[in-house]
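Bear in mind these aren't lab numbers, they're just calculated from the coordinates by the rules spelled out. All of these numbers come straight from a predicted model, not from anything done at the bench. Cβ coordinates were reconstructed from backbone atoms using ideal geometry, including for glycine residues, and neighbour counts include every protein chain displayed.
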Amino acid sequence: MGDERKQPDQELALEEARPRIKPPPQFQVVLLNDDYTPMEFVVEVLEGFFGMDREKATRIMLHVHTRGKGVCGIYPRDIAETKVAQVNDYSRQHNHPLLCAMEQA
Ligand code: TYC
């Protein structure tokens, strides 16, 4: 044998593998302001797709209206992609230009 790594009892001394997993990336789902989508429609979207009560939905809508963009929620990639698609489809069905997008958090 003559292997330095062999211990007296002939077992191989194996180092514990260091955990190399990163937590999965999270994505912010954001709404973008525009000049045409009614405020009431945006509030209903925030209630319906992001589970907000009317007070919070109104606050986020006004933030987007004044600042240009606002975060609706933070999710894993697949959930964020689904929210974005659902909101954009819903807005198009109602002929509003409202845009929803995702950004790595
Ligand atoms: N700016 C729109 C208006 O004045 C309201 C609005 C708010 C539109 C938020 C989009 O994401 C948005 N009717």
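In percent, rounded to a whole number, the relative contact order of the chain is 39, using alpha-carbon pairs under 8 Å and six or more apart. Using just its DSSP H runs of length 4 or more, each adding -39500 (n - 2.57), the chain gives a mean residue ellipticity at 222 nm of -13500 deg cm²/dmol after division by all residues. Once backbone amide H atoms are built at 1.01 Å from N, Gly73 has Val29 as its partners under 5 Å, excluding neighbours fewer than 5 places away on the same chain.
Put a plus charge on the Cβ of each Lys and Arg, a minus charge on the Cβ of each Asp and Glu, and nothing anywhere else: the dipole of the chain about its Cα centre is then about 300 debye. In the chain the longest region clear of trypsin sites (Lys or Arg not before Pro) that are loop-assigned by DSSP and have at most 16 other C-beta atoms within 10 Å covers 21-105.
Considering only Ile60, Met102, Tyr75, the residue lying farthest towards the positive end of the dipole of the chain is Ile60, judged by Cα position with unit charges set on Cβ. Overall shape of the chain was characterised from the C-alpha gyration tensor. The equivalent ellipsoid obtained from it has semi-axes of 52, 13, 11 Å, in decreasing order. Running a GNM on the chain with Cα contacts under 10 Å, which residue among Ala57, Ala13, Ala85 ends up with the highest mean-square fluctuation? Among Ala57, Ala13, Ala85, the largest mean-square fluctuation in the Gaussian network model of the chain belongs to Ala13.
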